[in-house]
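Worksheet: the structure to be examined is printed underneath.
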Amino acid sequence: MTTAPSHPQPARPGPRIGVLGSYGGFNIGDESILTCVLHCLRAQRPDARLVVFSRNAEHTQAHHPGADEVVDWEGVSRNHVLVALASLDVLVLGGGGLLFDGEARRYLRLVRAAQERGIRTFAYAIGAGPLREADDREAVRTVLADMDDVVVRDEESKLVLEEVGVERDVVVTADPALLLEPEPFTDEMMRHEGVPTDSRLVGMSVREPGRAAEKLDEGDYHALLADVADFLVRRLDAHVVFLPMERHDVRHAHAVLSHMTAPDKGRILHGSYSPGQVLGFMRHLDLAVGMRLHFVIFAALSGLPVLPLPYSGKVFDFARRMGAPALVGVAREQAGLLLAEVDRLWDEYPQRQEELHSRVRELSTQALETCARCGVLLDEVDGGPEAAMGTAPLLDTHAEPPPEPAAEPRPLGV
């Protein structure tokens, strides 16, 4: 069904812009991307009507007031979605990791339908890979060739597209969530979650083993991460807070907690929070260790020393661009190496802090480039750059450098 906004809005005379992605409350990272994409489009075209194609329209309607209209595209008739597509001037695909086996063809089927109706299409800092299935590879190769502009968020995705056979120009920028604004996470919210406000805090993000630990059984994998958590408790005299970035992470966080020798020093966030509130929570932390890409991004935005735990190319790529340590695997026999990296990260962070802030500012600027390129396409749809005169400036508060962290990391063992 098509879901109307939850509050009355006047009709907008500008272009109708569709946004298609993995939206609907399944993953905090994807929701942070949607927040930033909508902000960009509204800054570029205040008079546009923004139509989000969501996997759960009710959730998107409730949590993204910047959307003028929300359309379910899963579990509904194809004709229903095509009617909504036909009214658009531009369809934006992304951002986020959408082009992978089993999913790429689903998203690109809608992009192709838009192209067949003469609708302009733009890939907004998308991620790609793995792409091994023939149907997905063919869809990527043929549909991206006819898009007006293709922007990916990392070099890994560009390499994947080249390997598939995409022969057009592909621009690399950065993840849209690098422009997310923090929202307050108050002391009262901390107390409600049972998280102390007078202790060092370490954030951890865990997920299913996946390719990061594919040769481990889950018990060994959870025990390894519990070793890391216990080490942080002892060495930093800290509490460890697990941040689930999607619902399945909760089970793995509980499993890691059950393997800890100091489970009383561990907490799992259970509340339902907006991406901005999760980013705001990160400001309470002293250090972060995690697997989810957007957990690592949020930590970097918050000025934290962060150790990414690898599970895919996108995390490796972001770690490389940040100059953060990126381990090549997660295995029980590498536990000592992992703990040594955490130790070194903490010790060296005061000397590397300004460099890391500079890298975050550079990546945030690259994220803004995606928005600017989308604006160029909107100018063409409107009949040229002159038609865009009087629109809101792109470089607003989202372009500000990340704030400095509240305090320097404290030495280990103090």
Next on the checklist: As an exercise: evaluate Leu98 against (1) farther than 20 Å from Gly14 by Cα; (2) open to solvent by 40 Å² or more (accessible area, probe 1.4 Å) and give the number of the one condition it does not meet.
Outcome noted: (2)
Checklist entry - Out of all the residues in the stretch 69-88, is one or more over 21 Å from Leu144 (Cα atoms), in contact (Cβ under 8 Å) with a residue 24 or more places away in the chain and open to solvent by less than 10 Å² (accessible area, probe 1.4 Å)? => result yes
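Take Arg132 and tell me if it is open to solvent by 40 Å² or more (accessible area, probe 1.4 Å), at pLDDT 95 or above, out of contact with any strand residue (DSSP E or B) (no Cβ under 6 Å at 6 or more places or on another chain) and of a type in the set (D, E, K, R). If you could, list the steps in order and put the result at the bottom.
Working: open to solvent by 40 Å² or more (accessible area, probe 1.4 Å): yes; at pLDDT 95 or above: yes; out of contact with any strand residue (DSSP E or B) (no Cβ under 6 Å at 6 or more places or on another chain): yes; of a type in the set (D, E, K, R): yes.
Here the answer is yes, as Arg132 does meet what is asked.
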Item to check | Among (1) surrounded by fewer than 23 Cβ atoms within 10 Å (Cβ to Cβ); (2) more than 26 Å from Ala299 (Cβ to Cβ) - the single one Phe26 does not satisfy | outcome: (2)
Item to check | Glu188 among the acidic types (Asp, Glu), assigned to a helix (DSSP H, G or I) and open to solvent by 60 Å² or more (accessible area, probe 1.4 Å) | outcome: yes
Checklist outcome for this item: How many residues of the stretch 105-118 are open to solvent by 10 Å² or more (accessible area, probe 1.4 Å) and touching a residue at least 24 places away in the same chain (Cβ under 8 Å)? The answer is 6
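The values are calculated or read from the model by the stated rules, or taken from the named source; none is laboratory data. This is a predicted model, so every value here is computed, not measured. So basically every Cβ, Gly included, is an ideal-geometry build from the backbone, and we count neighbours across all protein chains shown. With ligands, DNA and RNA removed, areas are computed over all heavy atoms of the protein, side chains included. Shrake-Rupley method; radii C 1.70, N 1.55, O 1.52, S 1.80 Å.
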